[in-house]
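To keep things clear, I will list the structure first and then write my remarks on it.
Each reported figure results from applying straightforward, stated rules to the coordinates on display, with no laboratory input. Just so it is clear, the model here is predicted, and its values are computed rather than measured. Methodologically, a virtual Cβ is constructed for each residue, glycine included, from the backbone with ideal geometry; neighbour enumeration extends over all protein chains shown.
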Amino acid sequence: MRPPDEARAIIDRHLIRLPSEPVPLGNAMFRVLAEDLIAPEDHPPFPASTMDGYAVSSDDHSPWREVIGEQNAGHVLDLEVTDGYTVKIMTGAPVPRGANAVVPVEATEMAEDHVVIHKEDVRAGENIRPIGSDVRKGELVLSKGTILGPAEIGLVANLGVNPVTVTRRPKVSVLSTGDELVEPGDTLGPGQIRDSNRFSLCAALVAEGCEITFAGQAPDERPSLETFLRERIATDDVVITSGGVSMGELDLIKAILFDSPEINVHFRRLYLKPGKPLNFATSGNALIFGLPGNPVSSLVTFEVLIRPALRQMVGARDVDRPIVPVVLEHDVEASDRVEYQRGIVSVAADGRLIARNTGKQQSSRLASFMGANSILMIPPRESTYGAGETVMAMMLGAPFAVS
Ligand code: AMP
Ligand code: MG
C-alpha cells in the first residue's frame, strides 16, 4: 500500500509535460502560460492624467488660468501649457507639454473664461502616472506556468501579446463501470443505482481545464472494457475509470490492467481512507487511473493524485493546494490508514483556524462534500484525536478553470 506522497512521486515520474500551442487571447482564459512575457514597451506609454481636471505647471503659482484646450483620452492635441494657461484634461489622457501636474476638477472653479485653482501647493508630478509606472519596458510581467485568470489575461492583453502561447489542454476520458449503473433520468431497476462518478469526475476535469474526449458508462464485461482502454490509451493523455478495482470477481478493470502487455501497473493500493483500491498504470505516455467506485473515494483520490498530475502536465506553477494547521473542534476517531475527511475550516475569534468535519464520512456519502472547504488529513493512530488537537488541512479553493 502506497501512502499518498509516495503514490504522487510515482505518478510524477511517469507524467509528461504537454506541448504548447498559440491560442487567440479570447480563447486563452484559465489556460497555462507556456512562455515568459517581457514588457516590449513602457506602460503607460505617455505621462497620463489620473484625474479629470486641469493640467498645469507646478511652477506657476497664479490662481487664475486661461483654458487653451481640452485633452481627452485617445488622441493627442498639439498644446503647450505655459504660465497663466491650462488645458482641461480627462483621466487617462496624455499630459500636454509644459504641464507637470493635474489639479482635480473638484479643486477648481470656473469663472467666466478662466479657471480658479483652489489648491495652494501644487506638487510636480501630482496626479500623473509617469511613463512606465505600471509596467517598465523589459520587465518580466508574467512567468511561464502562470494560469491566465482575470488579472493575468488582462496583463497579457495589456502587453499586446495575441495569440498567446499556452500549454495544450490535457485530453482525458472517463468511464464509469458496473452492471448496477443506470443513467440519471432513467428508471432504477432492482439493485441498480445511478452513475454519479462520471459527472463528478467530469466536473473536476472541467475545473482543471481539461478536454474531455469521452465520458461514458459500461457494464462489467471484459471485452467492452478492454476495447475502451485500448482505444482511449491510443489518443488520450489521461484515462480514468471508476469501479471494478476491488477484490470481487467482477472487478475487471484491475484484472485487465494487470493482464494487458501494453499496460504497466505501478501501484494497486493506496494507504488512504477513502481510496484504498486505487490502480495507477501507464501505457506509452498515457496515464491510467483505475479509481474506486465509491463516489467519495473517486473524488478524493482525484483531488489528491489526479489534480496535481494534471497541473504538472500543463506546467502550472501552482500544483498543490495550500496545507494549513487547524485545531479540531470535536473528537475525531483515528483510522489505521491516513484518513482524509471532508472538513469545514473557519477562523476562530482568537484568529486561529479551527475545523470540524461534515458529519458522517463513509465513502459512499457524496453529501459529505457539501459545505466542505477543505480535506482534514488525519494521520493513523490508535487513540482518538481529541477536540483541541491540531491536524493539517488541505484547503480546497474555487475551481480555476472552465473549458
Ligand atoms: P466498485 O469499486 O465497483 O466495487 O464499487 C464500489 C461501490 O461504488 C459500489 O457500491 C458501487 O455500486 C458504487 N459505484 C461504482 N461506480 C459508481 C458510479 N459510477 N456512480 C456511483 N456509484 C458507483
Ligand atoms: Mg463494480
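Can you tell me, using C-alpha contacts under 8 Å and at least 6 residues apart, the relative contact order of the chain as a whole percent? Please report the intermediate quantities before stating the final value.
Details: 942 pairs, mean separation 68.4, N = 403.
Relative contact order of the chain: 17 percent.
Excluding GLU303 itself, calculate the net charge of residues whose Cβ lies under 13 Å from the Cβ of GLU303, where each Lys or Arg counts +1 and each Asp or Glu counts -1. Display every interim value, and only then the final one.
Details: positive: ARG8, ARG307, ARG311, ARG321, ARG342; negative: GLU208, ASP320.
Result for the local shell: +3.
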About the Cα centre of the range 305-359, what is the dipole size in debye to 20, counting +1 per Lys and Arg Cβ and -1 per Asp and Glu Cβ, all else neutral?
380
Under a Cβ-Cβ cut-off of 12 Å, what is the net charge of the residues other than ILE38 that fall near it, where Lys and Arg count +1 and Asp and Glu count -1?
-1
Quick calc, the chain, dipole around Cα centre from Cβ unit charges on Lys, Arg (+) and Asp, Glu (-), nearest 20 debye, gives 1820
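Within 10 Å of each candidate Cβ there may be at most 16 other Cβ atoms; applying that plus a DSSP loop requirement, which GluC sites (Glu not before Pro) in the range 213-290 survive? Mind showing how you got there, number by number?
On the way: sites: GLU221, GLU226, GLU231, GLU249, GLU262; in loops: GLU221, GLU249, GLU262.
Hits after loop and neighbour filter: GLU221, GLU249, GLU262.
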Among TYR85, TYR385, which comes first, then next, by fewest other beta-carbon atoms within 10 Å?
TYR385, TYR85
Could you pull out the trypsin sites (Lys or Arg not before Pro) across the range 1-66 that fall in loop regions by DSSP (anything but H, G, I, E, B) with no more than 16 other Cβ atoms inside 10 Å?
ARG17
On a 0 to 90 degree scale, rounded to 10, what angle separates helix 197-207 from the longest Cα axis of the chain?
20
For the Cα atoms of the chain, what angle does the longest principal axis make with the long axis of helix 4-14, in degrees from 0 to 90, nearest 10?
80
Charge dipole of the chain about the Cα centre (unit charges at C-beta), most positive-ward option of PHE214, LEU250, SER133:
LEU250
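Taking the mean number of other Cβ atoms within 10 Å as a proxy for protection, how do you rank 204-212, 289-297, 103-111 from highest to lowest? Numbers along the way, then the final one.
Values: 204-212: 20.8, 289-297: 24.8, 103-111: 14.8.
Result, highest mean first: 289-297, 204-212, 103-111.
Counting other C-beta atoms within 10 Å, and keeping those with at most 13, which DSSP coil trypsin sites (Lys or Arg not before Pro) do you find in the range 347-389?
Passing both the DSSP loop test and the Cβ count: ARG352, LYS360, ARG381.
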Projected label distance in nm at CYS202 and ARG17, using a 7 Å step from Cα toward the beta-carbon:
3.3
Can you give the charge dipole size of the range 103-163 about its Cα centre, rounded to the nearest 20 debye, using +1 on the beta carbon of Lys and Arg and -1 on the beta carbon of Asp and Glu?
640
For a label point 7 Å along the Cα-to-beta-carbon line of THR50, residues of the range 70-112 with backbone N under 14 Å
91-93, 101-104
In straight Cα distance, which lysines are under 18 Å from LYS360, not counting same-chain residues fewer than 8 positions off?
LYS273
Can you compute the label reach from SER335? Point 7 Å from Cα along the Cβ direction, backbone N cut-off under 15 Å, restricted to the range 346-362.
357-362
Sequence ranges 132-140, 43-51, ranked by mean other-Cβ count within 10 angstrom, highest first
43-51, 132-140
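Please compute the net charge surrounding ALA387, taking Lys and Arg as +1 and Asp and Glu as -1 over other residues with Cβ under 14 Å from its Cβ.
Values: positive: ARG352, ARG356; negative: GLU329, ASP331, GLU333, GLU389.
Taking every other residue near ALA387 into account, the sum is -2.
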How long are the semi-axes of the equivalent ellipsoid of the chain, taking √(5λ) for every eigenvalue λ of the Cα gyration tensor, in whole Å from largest down?
59, 26, 18
